[in-house]
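What follows is a short report on a single structure.
Since every read-out is calculated from the coordinates, none of them should be taken as a lab result. Quick caveat, the model's predicted, so the values are computed rather than measured. Ideal geometry is used to build each Cβ from the backbone, glycine not excepted, and the neighbour counts take in all protein chains shown.
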Amino acid sequence: MSAKRETLSIVVPAFNESGNIGRMAQALRQIMERENICAAVYFVDDGSSDDTWEQIERAAGAWDMVRGVRFSRNFGKEAAIFAGLETAAGACVAVMDCDMQHPPETLVEMYRLWENGFEVIEGVKEDRGRESIFYKGMTALFYKLMSAAVKMDMSRTSDFKLLDRRAVDALISLPERSTFFRALSGWVGFKTASVGFRVQERAEGESKWTTMGLVRYAVSSILSFTTKPLHLVTGMGVLFLLLALIQGIECIVTYATHRAVEGFTTVILIELIIGSIVMLSLGIIGSYIAKIYEEVKGRHRYVVSTTLGIPARREQGDDAV
Ligand code: UDP
Ligand code: MG
């Protein structure tokens, strides 16, 4: 398979997107040829159980600028994005969803900004498309926490981005395993611009997230980006120390004035509250220890089973590049 060097690499994570691969490849090809942009599309098959990989092979047969990376199992969207970033060869790399929710026209706009010297171009959601009330509520809560943690407004950010080679190299050289791409692209800095886009309806199939999956993703993102919850534990400790002082003084006074005993309810309540706070705090600390444990193991973010159209040097996992 020929491996012509492209200027723009488009990374598309795909998990059970059989119905969307062909459509996506065709849409991108049309628009890239019309705009005269030399682009290659990197589909990262995140351990799909349908025929997504066959569809990628098919798309590659129809257009020689289609590349593919296939994971040995489902490693999650973050891993798929990083596999794409590590494999991509272009002078700039874009990341977009496989379900046409990120409009390819916006990609052209991003590319033009890159040509004008911007190095990180963020896709910003102008409206969030159709989502359930529950989903809206949960994401609002998550983004509130996340925005406080990274000290920037995250509520309209997306994974739709275009990064200059320098920003990509900075990202893939990060040693951490547990990543949150959406916030990291802001963290690397560089000359940044943003482009608004309207979230489209999903072309085919269902959203790949389960509620539990989203909750886990949210917790993991917060843990990997901020240590604020740990300080919260200290804060709670200080608060309870103050309360203990007041209660302690009161106790001594009642004892000294021979009015002790009574107050059984107070004791039970204090026991319960302190017990819960201690457990909660242990849980928070435990979550960070778990993160440290995962990072210390230093496992690969993903395991590749097959590739398509990618030069050998860039074929293997994360350390080979
Ligand atoms: N995706 C993935 N691995 C996963 C889940 C999702 O690569 O474990 C991909 C999916 O194929 C799609 C993108 O991530 O290209 C966004 O997923 P989805 O549309 O299901 O999420 P939503 O748009 O609802 O946030
Ligand atoms: Mg989607």
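Taking only DSSP H segments of four or more residues, each worth -39500 (n - 2.57), what value at 222 nm results for the chain once the sum is divided by all its residues, to the nearest 500 deg cm²/dmol?
Values: 10 runs with 162 residues, N = 321.
One gets -17000 deg cm²/dmol as the mean residue ellipticity at 222 nm.
Rounded to whole numbers, the Karplus 3J(HN,Hα) couplings from phi for region 45-52 are 7, 7, x, 5, 9, 9, 8, 3 Hz, using 6.51 cos²θ - 1.76 cosθ + 1.60 with θ = phi - 60°, and x at Gly and Pro. The fewest-to-most ranking of I249, I285 by surrounding Cβ atoms within 10 Å reads I249, I285.
A Cα-only calculation for region 79-138 places Rg and Dmax at 14.3, 41 Å. What angle do you read, to the nearest 10 degrees and between 0 and 90, between the alpha-carbon axis of helix 228-256 and the longest principal axis of the chain? Value to nearest ten degrees: 10.
On the beta carbon distance between L214 and H258, with R0 = 56 Å, the FRET formula returns roughly 0.45.
Counting only Cβ charges, +1 for Lys and Arg and -1 for Asp and Glu, the dipole size of the chain around its Cα centre is about 420 debye.
Over the chain, all Cα pairs binned in 10 Å intervals from 0 give whole-percent P(r) values of 5, 23, 30, 19, 9, 6, 5, 3, 1, 0, listed from short to long. Taking other C-beta atoms within 10 angstrom as a stand-in for reagent exposure, M138, M32 fall in the order M138, M32, fewest first.
Hull surface divided by four, with the convex hull built on the Cα atoms of region 156-203: how many nm²?
Values: hull surface 17.8 nm².
The directionally averaged projection comes out at 4.4 nm².
Pairs over the 22 Å Cα-Cα cut-off, from the set K191/K291; K228/K297; K191/K228; K161/K228; K77/K136; K125/K191: K191/K291; K228/K297; K191/K228; K161/K228. Listed by Cβ neighbour count within 10 Å, with the fewest neighbours leading, Y288, Y255, Y302 appear as Y255, Y288, Y302. Please state the shape class of region 91-202: rounded when a/c is under 1.5, otherwise prolate if a/b exceeds b/c and oblate if not, all from the C-alpha gyration tensor. Oblate is the answer for region 91-202, as a/c is 1.5 or above yet b/c matches or exceeds a/b. Taking the charge dipole of the chain about its Cα centre, with +1 at Lys and Arg Cβ atoms and -1 at Asp and Glu Cβ atoms, the residue from S9, S207, L245 reaching farthest to the positive side is L245. With no solvent and one point per C-alpha, what does the Debye sum give as log10 I(q)/I(0) for region 218-265 at q = 0.16, 0.22, 0.26, 0.27 Å⁻¹? Calculated log10 I(q)/I(0) at the listed q: -0.61, -0.81, -0.93, -0.95.
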